[in-house]
Amino acid sequence: MAREAKKNWTVGQRYRRLEDISHTQITEMMEKRSLDNGYPNYHIAPAFGLLNDPNGLCYFNSEHHIFYQWTPVGPVHGMKYWYHLSTKDFIHFTDHGAAIHPDQDHDSHGVYSGGAIVENDKALLFFTGNKRDENWKRIPTQCYATMNTAGEIEKKGIIIENDHYTEHFRDPKVWKQGDDYYMVVGAQTQDLKGAMILYHSQDLSKWEHKGPIKTTHNDFGYMWECPDFFELDGQAVMLFSPQGVSSSNPYDFKNVFSVTYLVGDRVNFSSMELEGEQSIRQPDYGFDFYAPQTYVDDKGRRILYAWVGLPEIDTPSVKHEWAGMLSLPRELRIENGFMVQKALEELEALRGEAIEFTGTLQQPSNSFYLSLDIDIVEFSIELGNSVGDKIEFKVTEDEFTLDRSQMSEIYAEEFGLTRKAPRLSLTQQIEVYVDQSVIEIFINGGKHTMTSRFFIDDLSYLKVSTSLKSTYYPMKSLSGFNLK
Ligand code: FRU
């Protein structure tokens with residue numbers, strides 16, 4: 001049913017702009033959204049329309065700035081804007097509304113994803129201008145805008161044209177190293193392979209094309225979206241979202257598109273090689289995790305947000321006129337070649353009074369955090385309702401399984417109804433964040449997560465099938481933007 005909604009939209013309808021939608025239409029969309037029990041309380045989600053990738057993450061002017069890809073016209077991929085929120089504490093937010101509009105010829109079909117850096121008293125917001133020609137062929141360019149301390153945004157135009165790649169050339173992520181600036185861009189090479197392309201600049205306006213970063217994965221999918229490159233704990237990390245990859249093992253690359261990372265010692269800017277490359281890994285084994293982006297804050301923490309959603313998949317919230325949310329912000333570390341994720345400590349302030357329980361908890365708040373210290377071989381966690389609809393997280397000696405086959409609303413079943421992750425140790429803490437229709441499970445000490453949407457009508461119990469004690473905390477809501 002949800003997938004029907006997508007098919008019914010014409011290109012003309014999807015590419016309507018904010019000023020083409022009436023006040024009445026907006027009010028109607030917001031009303032439908034406010035009736036949705038699946039709308040989250042402590043995750044960032046759009047008031048209406050579709051949210052996808054996190055963009056422009058930066059710490060600037062004493063605040064964290066979070067932008068995201070937004071289609072205002074409805075819960076579909078269409079005309080994309082950057083929507084802007086900021087916060088000092090990840091609890092109270094300021095809602096700045098639509099921030100970068102597709103109002104130039106070169107971004108006439110959307111202001112696409114990109115990252116930010118802070119330079120003196122400005123944040124520089126890099127994005128892809130997405131233009132379609134009369135044959136609907138994409139003409140992508142890399143562009144930027146500045147934001148001053150008053151939050152005023154000024155577009156500065158194109159800095160890189162597409163001279164080397166197919167029409168798939170997007171999502172610039174910039175960083176500064178010494179006096180030099182570097183940018184990675186996601187691209188498809190002329191022989192139709194995904195790649196992370198490096199550019200170099202000394203003045204932020206002239207950019208030298210250095211070509212694809214060389215790894216052992218030069219034939220790995222047909223496009224790499226949303227590349228990120230950073231150094232952390234003495235290692236170099238390439239994080240990206242490849243399209244067109246699969247595996248024969250039970251764990252990896254089961255979603256329509258995937259997220260993966262490579263850890264190495266460093267990128268050699270002369271040979272363009274990732275030196276000391278280690279095995280390729282997946283940060284998340286859930287159903288809905290895509291296009292993560294990272295930044296460094298004032299405390300030196302490397303923080304990641306991802307889109308809890310995937311291209312080409314309509315979630316049941318479409319009927320409530322919204323789609324997509326951001327993951328919780330997660331602090332990263334590199335340990336033994338793994339990217340370890342931990343929900344930001346600021347989120348502890350959202351916790352209500354702890355309840356210790358064994359067995360079943362009836363009528364829990366559906367926004368909660370659950371922590372379990374395990375050293376046993378088998379158990380499961382179930383979230384369900386009185387008519388038997390449920391999701392299950394099952395743990396065996398060497399595997400974790402998330403099972404969505406018995407939800408009230410099933411969708412995306414063509415990609416399978418279970419996801420599995422390897423269990424790396426018997427003794428570990430399992431952390432589960434649930435927020436109405438999203439679950440984020442931190443396993444293997446944060447070396448992996450399982451992030452997913454789920455749809456169960458009238459959720460009424462939480463059951464842990466062991467005699468182990470679990471600690472449950474109801475979670476309070478974020479404030480300052482469109483949450484219930
Ligand atoms: C990833 C992506 C990016 C693009 C953006 C458009 O989800 O396809 O590659 O910039 O979304 O919204």
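Quick one: grab the alpha carbon gyration tensor of the range 431-479, order the square roots of its eigenvalues as a ≥ b ≥ c, and give me rounded if a/c is under 1.5, else prolate or oblate depending on whether a/b is larger than b/c.
Here the range 431-479 falls in the rounded category.
From a point 7 Å beyond the Cα of Ile153 in the direction of its Cβ, which residues of the range 447-484 have a backbone N at a distance under 11 Å?
none
Let me know the shape class of the range 2-345, please: from the alpha-carbon gyration tensor, a ≥ b ≥ c as square roots of the eigenvalues, rounded when a/c is under 1.5, otherwise prolate if a/b is greater than b/c, or oblate.
rounded
Among Lys156, Lys173, which comes first, second and so on when ranked by fewest other beta-carbon atoms within 10 Å?
Fewest-to-most Cβ neighbours within 10 Å comes out as Lys156, Lys173.
Taking the Cβ-Cβ separation of Glu397 and Arg333 as r and a Förster radius of 45 Å, what is the calculated FRET efficiency to the nearest 0.05?
Step by step, r from the Cβ atoms, then E = 0.95.
Between Lys206 and Tyr251, what length in nm is gained on full extension when 0.36 nm per residue of separation is reduced by their alpha carbon distance?
Here the segment from Lys206 to Tyr251 would lengthen by 11.9 nm.
Between Ser270 and Thr10, what is the spin-label point distance in nm, taking each point 7 Å from the Cα along the Cα→C-beta axis?
Spacing of the two 7 Å Cα→Cβ label points: 6.0 nm.
Per-residue ellipticity at 222 nm for the chain, helices alone: DSSP H runs ≥ 4 residues times -39500 (n - 2.57), over residue total, nearest 500 deg cm²/dmol?
It lands at -1000 deg cm²/dmol.
Could you work out how much longer the chain between Val296 and Lys137 gets when fully extended? Use 0.36 nm per residue separation minus the Cα distance between them, nm to one decimal.
Residue separation times 0.36 nm, minus the Cα-Cα distance, leaves 53.7 nm.
What does the highest-first list of 447-453, 175-181 look like by mean Cβ count within 10 Å?
Working: 447-453: 24.9, 175-181: 11.9.
For the peptides 447-453, 175-181, the packing ranking is 447-453, 175-181.
Mind giving me the nanometre distance, one decimal, between the label points for Asp103 and Thr471, set 7 Å out from Cα along Cα→Cβ?
Each label point is offset 7 Å from its Cα along the Cβ direction, giving 5.0 nm.
Each reported figure results from applying straightforward, stated rules to the coordinates on display, with no laboratory input. What you are looking at is a predicted structure, and each value in this text was computed from that prediction instead of being measured. Glycine also receives a Cβ, built like all others from the backbone with ideal geometry; neighbour counts cover every protein chain displayed.
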